[in-house]
1. What whole number of Å gives the distance from the Cα centroid of the range B:298-351 to the Cα centroid of the range B:190-243?
2. Between A:Met1 and A:Arg454, what is the label-point separation in nm under the 7 Å Cα-to-beta-carbon projection?
3. Pairing the Cα long axis of helix B:85-97 with the longest principal axis of chain B, what angle in degrees results, from 0 to 90 and rounded to the nearest 10?
4. Defining a contact as two alpha carbons under 8 Å apart and six or more residues distant in sequence, what relative contact order in percent does chain A show?
5. Could you work out the mean count of beta carbons from other protein chains within 10 Å of each residue's beta carbon in B:128-138?
6. Using only protein heavy atoms and a 1.4 Å probe, how much accessible area in total is buried between B and A, to the nearest 100 Å²?
7. Could you look at the range B:1-119 and say what percent of its accessible area is carbon and sulfur, using a 1.4 Å probe and all protein chains?
8. In whole Hz, what ³J(HN,Hα) sequence does the range A:313-330 give by Karplus (6.51, -1.76, 1.60; θ = phi - 60°), x for Gly and Pro?
Amino acid sequence: MLETILKEKFGYSSFRQGQKEIIDSIIHRRDVFAVLPTGSGKSICYLLPGYVMEGLVIIVTPLLSLMEDQCEQLRAHGEKRVKALNSFLTYQEKERILGQLRDLKYLFISPEMLQNKKLLNQLTKIKIALFVVDEAHCISEWGHEFRTDYLKLASIRHTLGTAPCLALTATANDHVKRDIIKQLDMEQCDQYIYPIDRKNISIVVKKCETIDEKIEEAISIIKTVHLPGILYCGSRDWTEQLTSIIQIRTNYRVAYYHGGMTTEDRILIQRQFIDGELDLIVCTNAFGMGINKSNVRLVMHFHYPKHINSYVQEIGRAGRDGKQSLAVLLYCPLDDQIPKHLIDQSYPDDDVLARIFSRIKYENVKLHSDQLLVIMQEEGASETAAQFLHYQLRQFANKDLDIEKVQKMIKSTIQERKQHKWRELNEMKRWIETKRCRREAYLELYNEQVIEKREPCCDHCGLNWDIFRKGKREKRSFDKMDTWEERLQKLLNNN
Amino acid sequence: MSYHVFVVLHLIKKFQGDRSIYGIYHLLRGKKSSQTIQDSVLFSAQAFFNSLENLSRENWSHLIRSCCSKHLLQEIKKDHFTLTDKGSDTYLMLSKSYSIPAGLELTDWIDIETPFWKKLKMIIQSLSHMVHHKRYYYPVTRQDDIQQWTKNFYRYLKVNRYQISKQLQKEIKTALSTCSDLESGILVYQLSGFQVNGMTIEQLAMLTHSSLFETSFLFKSSVRQLLNQIASKPNKYPILAKIADLDRSASAVSLTQSARKTLKLINRGLTLDQIASIRRLTQNTIEDHVIEIAFQDPSFPIDSFIDENSYQHIQRIIGSLTTKRLSVIKDACGQDISYFMIRLVLAKERI
């Protein structure tokens, strides 16, 4: 019966690893903690029960863009009873959704929005089928300092009744797992933990001496191996530069994607990539979450990410169809500058902090006031740094503490957070430097072992590039263009 | 690159160092502020208003810097530039091969061009899916008001989708008749629909081997020609006219919201001082609003802000000077005349 729904509503003829067991537990009203590797169809685990169980499925999601993507994807499948609630909506839009709660099947929501009393009050009046926390590792990763609303989810869930809770993530080591289960108060839950190892992705790290050498290496790989591919860069600037270089040097269809583009351009590029109109997308880490494309053959990193978790997530976008795929990380000594810079930028430095505090003192600014954000940026804090500081300061509002003491405490929080980030970065770097099997090395960080070794594994186990080589050169170029009249005809006529 | 240089030189020449490069930047981005709107008329640069909506500040200042390093521009004071001799020569040379698309000058419906374009894209996408019997698709815009508007649009029309689709296709073809093939192509190729994904302006620039600025201008030129056609013969284009919604947009004198509030208070007889304190805004801001209102509405009386003598005095001084720089005019007018009075005269005279 579950298979029938799967086919009818989602168009799949069989369940993938883990899905059925998890859904079964949920339907039997058990709390579930699940680690499913990226690209294994996590969302089916909470979407399908929606068609079996009576009531509303609430999905707590950390990122706005992710929330909107999930919503649009569901709608594109014909499910209209779905809304996303987040603090970026206008008052009227929020009110409109509040009025419709009863008619909804799926509600995507940010943890911050769930604190809203009015909403909670409305939610207690309707039946809740399932309470889902997606990307649950965020509880542990951000909840403690950054988004403490994540720590209130357990009490909210209990307020809403006895609906089962599903905590989902793609990457969680033992420490993170225990944290999530504790914070969501689900000690008795069923646990489904599937190996994050993706056997069909071969892993390669290539060292280069200079940036130019790295560019040459990237181009030669793109020219030889199967595509479509994703090329991750550390900055927006680099995505644009590399795109134009690759465009000049190859005849592939390439486009860049980053957070600085308009939403509309981003949607277009994303659709082009998904629909196979692009061979390569050159992007920042803004690209990927919520993207469903099964035949990505290559994920290449032009700069390495700050955290091995991000790396695992990003290479996991290759080979979701199970076919052999390739992950290449290019590294040159100069690359170390980028993550260092990113970490520094996320926090205000000592001078900036001192200036901000002296203004708070002399202008007598309230610690919870929004005016602070303006002051911070005037004093030279980056946007992320300002948001971080703003959140930290609010914790001290109304506590009547000496402002100098607050400054000291925040300074030490920044120290701690930075050290934490540095530790993560070093973990990533150690992995790049390792002489062992790369798969073993990263799985170890998740307390996992390589169960059966499959060729080709990684550059240290030895791998034969011929497997990835394209057969006879696939000639690629823009299709012959229609005239604009023909194009218009194609759009609006069905003949 | 050289088209970009051509545009920079063209604009710097127009503004003669009287406005900062960020004033010009706001103009290109179509910022809806009194200052920007007024400047665009003052320096006959309306065509460029909203012409590069997505230009980033970094790109713009980078471009200016690179023109400087080629000695095409000189900085006369912070962020204010004029052409060097080499710049003027280069401009003359570039003008032989480059031009600003004529359609850019059709600025009557400039306020609604962006919403019109967004609505048009949504309508085409939904129609395209409807006529191919697909009910669901991934919308090209996430803007809730545009999505909502699209739904209501069909409710209002109540005609069968094939008819609408056929009619709309015919209307677009006719309305684009004043455009070049290149302009029409740039417009149409951005549209998405069933099994067709639109392209970004940047991709189209690459495809046509032209610069991003030129492609953006050609696109704006095509939208403006389209709107102009619709406005001149609304009966000929019933569906497009409905999407453009010209009637509604024409009725509102285009004031910023804040200026509108100030106008209400002025009409109730309050002084600028009083308005500033009621609205918790600075006197400067309120004065900006008055300038904006005077500029937009020729019938707005200004005698309570400036006496007849001062008005004529300022008028004479402006006539005798070649610059529109406020500080120069102010120096020539003398102590008793305020900046506000000068700006008011400039607004009223629409210079």
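1. Rounded to whole Å, the Cα centres lie 41 Å apart.
2. With each label point 7 Å from Cα toward Cβ, the separation is 3.4 nm.
3. Roughly 30 degrees between the two axes.
4. It rounds to 15 percent for chain A.
5. Mean number of neighbouring Cβ atoms from other chains: 4.
6. Interface between B and A: roughly 4000 Å².
7. 51
8. With coefficients 6.51, -1.76 and 1.60, one gets 4, 6, 5, x, 7, 8, x, 5, 7, x, 7, 4, 9, 10, 10, 10, 10, 9 Hz.
The values are calculated or read from the model by the stated rules, or taken from the named source; none is laboratory data. Since the model is a prediction, treat every value here as computed from it, not as a measurement. Please note: Cβ atoms are built from the backbone with ideal geometry, for glycine as well, and neighbour counts cover all protein chains shown. Heads up: the accessible areas ignore ligands, DNA and RNA and are worked out on the full protein's heavy atoms, side chains in. Shrake-Rupley method; radii C 1.70, N 1.55, O 1.52, S 1.80 Å.
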